[in-house]
Amino acid sequence: MHIPQYVGQYVDGLRAPLLLHPPKEVHSYDEEFTVILGDWYHDEHSVLIKQFVNIANPGGAEPVPDAPLIYFAQNATYLGPIAGTSPAPVTSAVGFNENATLPFQPGKTYRLRVINTSAFAAFFFWVDGHDMRIIEVDGTDVEESPIDLISVTVAQRYSVLVTARNDTSANWAIHANMDTDMFDTVPDTLNPNATSSVTYSTSASLTDLGFVDAYHDVDDVSLVPVIQIAQPPVTRTIELEVSFDTMDDGTNHAMFNGITYNAPLVPSVFSALTLGENATVASAYGPTSFVIDHLDVIDIVIKNGDAGKHPFHLHGHKYQIVGRSLDYTSDDPTQNPPIVEGQLNPIRRDTIQIPSMQSATLRFVADNPGVWFLHCHIEWHLEVGLAIQLVEAPLLAQQRNSPPQILNDHCAALGKPVSGNAAGIASTTDLTGLPLGPYQQVLGWRPKGIGAMFGCVLTAVLGMITVTWYAIGGQLTEEEAEEEVREKIAAKEARRKKFWPFGKKE
């Protein structure tokens, strides 16, 4: 299951779940439903992004959604509104929130494929009166793991098994509550909690047990993949530290290792395929690119130095989560434990949530030549540069691949070059024209500031000397003052005669 992402399109609602089924499922169940979670904005992305990336928003407060959404699909069709209801015509095709329901039959076991399609909001999901067992994480089948609720950040996917009750005397609430800790503010107009239902009988009442005692995250490192893959020994480590700051242009941007991402003028996959031997030079792709060799075993250590949680998604690979730290700055091994090598079967997924000041070590084998994006899947954070790209085995990619003509046609229609380095130049160093920055402000004493301060101090000192001089009697006598005035009048008369030698006109 996955969702599309291009210049904010899914903020405006262009999003849908995509399910790829294996020839045979690992787990058994009677039916399945897809549960789509999302956030909804009343303003378009083009309006919101201008408000977000703005000198009037130097702290980088993200646009808060106007509503949560939950709706359902089965067999490639969205489920309609609850029978007998009359929603507005514009929303009458699909049931959502309180007007959406899952029809359950007593005793059956259902697979719920839960996907978070949000631009920003994470969710906590549970079903009143029913137990859940996790059986899949981001496309990785896992051994059944019972859980009371699941935390689903942006772009994460979970499958849970839910066995229906044996009676039809009540219908039950389904909850999808936004994680409002991620919002700078919670507007009074926002109800962050979406509720739908499981229906056993149209004549039965709805049972809503209300809030849970406390939210919690899924302990994903404790999940066990069905297909065992042992942890390989690492050959290269890439460390990435997350930060946000007000930049030299007054706007707030995100950074990995102090650098904000800008999209290259030439799509990097074209650079990898057209630079020849120079395709292995990382600088050709721009400052936030890493070239990795074929079959390298890569550890990516992401350290979240920001105050908020972030969902990090890697294209082209599933990584093993081989370590987590509760405080990556700590010397305490209980808070920042070393990586345990030789793990027999660590969990594999492609989207991980990392809370503030925590870190995660993600290991994968570079066995898929191409150019792969690693980014925060919160739309607003991607827009302000929280991303890098991995250029994997470019020489091998040149041997195996050539882009289809339609990609060249698309780039031509967009006016984009399709060869050369990130700036469209056949060079590894000349990136003239490539968008860069903004940059972090340089703090401390700079030459202009030092000069200005010196001038201020000098003026203040001279002023104090003058005041002191007058205070101790350094003022002129009356005779000296009159003589000074006479001298000034004589000097003025001399200047007049110089420019008007014929004297004044009568």
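Summed over qualifying helices (DSSP H, 4 residues or more, each -39500 (n - 2.57)) and divided by its residue number, the chain shows a 222 nm mean residue ellipticity of -5000 deg cm²/dmol. Put +1 on the Cβ of each Lys and Arg and -1 on the Cβ of each Asp and Glu in the chain; which of VAL90, PRO355, ILE115 then has its Cα farthest toward the positive end of the dipole? Farthest towards the positive end: VAL90. Projecting the Cα positions of PRO417, THR34, ALA56 onto the charge dipole of the chain (unit charges on Cβ atoms of Lys, Arg, Asp and Glu, taken about the Cα centre) puts PRO417 furthest along the positive direction. Just so you know, the Rg over Rh for the range 212-307 is 1.07, from Cα atoms, with Rh as the Kirkwood radius. For the chain, a simple Cβ point-charge model (Lys and Arg +1, Asp and Glu -1, everything else neutral) yields a dipole of about 1740 debye relative to the Cα centre. Its residue count N fixes a reference of 2.2 N^0.38 Å for the range 356-477, and the Cα radius of gyration divided by that reference is 2.16.
For the range 320-385, count the residues as N, evaluate 2.2 N^0.38 Å, and divide the Cα radius of gyration by that value, please.
Scaled against compact globular proteins, the figure is 1.31.
Placing one identical point scatterer on every Cα of the range 298-434 and ignoring solvent, what is log10 I(q)/I(0) from the Debye formula at q = 0.11, 0.13, 0.19 Å⁻¹? Log10 of I(q)/I(0), two decimals: -0.56, -0.74, -1.19. Here the range 43-126 is described by how far its Cα atoms reach on the three principal axes: 57, 30, 21 Å, from widest to narrowest. Spread over its residues, the convex hull of the C-alpha atoms of the range 237-276 is 104 Å³ per residue.
Modelled spin labels at ARG236 and LEU344, positioned 7 Å past Cα toward Cβ, are 3.2 nm from each other.
Summed over the residues of the range 47-118 and divided among them, the accessible surface reaches 46 Å² per residue at a probe radius of 1.4 Å.
For a distance above 12 Å, tell me the whole-number percent of Cα pairs in the range 113-162 that qualify. That fraction is 59 percent. Kirkwood-type hydrodynamic radius, the range 171-226: 14.4 Å, calculated from all non-identical alpha-carbon pairs. Pairs from the table (LYS50/LYS318; LYS318/LYS416; LYS50/LYS416; LYS448/LYS488) lying more than 32 angstrom apart at Cα are LYS50/LYS318; LYS448/LYS488.
Of the residues VAL467, PRO192, LEU79, the one whose Cα sits farthest toward the positive end of the charge dipole of the chain, with +1 on the Cβ of Lys and Arg and -1 on the Cβ of Asp and Glu, is VAL467. Using alpha carbon coordinates only, what is the Rg to Rh ratio of the chain, with Rh defined as the Kirkwood radius? Ratio of gyration radius to Kirkwood radius for the chain: 1.19. Note: relative contact order over the chain, using C-alpha pairs below 8 Å and six or more positions apart, is 14 percent.
Relative contact order for the range 150-214: what is it in percent, counting Cα pairs under 8 Å that are at least 6 residues apart? Spell out each step's value before the answer.
Details: 57 pairs, mean separation 26.2, N = 65.
RCO, the range 150-214: 40 percent.
Using only Cα atoms, tell me the angle between helix 478-499 and the longest principal axis of the chain; keep it within 0 to 90° and round to the nearest 10. In the chain, helix 478-499 runs at an angle near 90 degrees to the longest axis. Within the range 277-352, the proportion of C-alpha pairs whose separation exceeds 16 Å stands at 65%.
Here each label is just a point 7 Å from Cα along the line to Cβ, and for LEU396 and ASN166 those points are 5.5 nm apart.
Only Cα pairs under 8 Å and 6+ residues apart enter the sum, and on that basis the relative contact order of the range 8-124 stands at 38 percent.
Computed over the range 402-452, the percent of Cα pairs more than 13 Å apart is 73. Note on the range 144-291: Rg/Rh from Cα positions, Kirkwood definition for Rh, rounded to two decimals, is 1.11. The slack in the chain from HIS21 to LYS448, taken as 0.36 nm per residue of separation less the alpha-carbon distance, amounts to 147.3 nm. The local environment of ALA393, defined by Cβ-Cβ distances under 10 Å, has a net charge of -3 under the rule Lys, Arg +1 and Asp, Glu -1. Overall dimensions of the range 198-357, expressed as equivalent-ellipsoid semi-axes from the Cα gyration tensor (√(5λ), whole Å, largest first), are 35, 23, 21.
The values are calculated or read from the model by the stated rules, or taken from the named source; none is laboratory data. All values derive from a computational prediction rather than experimental measurement. All Cβ positions, glycine included, derive from the backbone under ideal geometry; neighbour counts span all protein chains shown. Note: areas computed on protein heavy atoms with side chains; ligands, DNA, RNA excluded. Shrake-Rupley method; radii C 1.70, N 1.55, O 1.52, S 1.80 Å.
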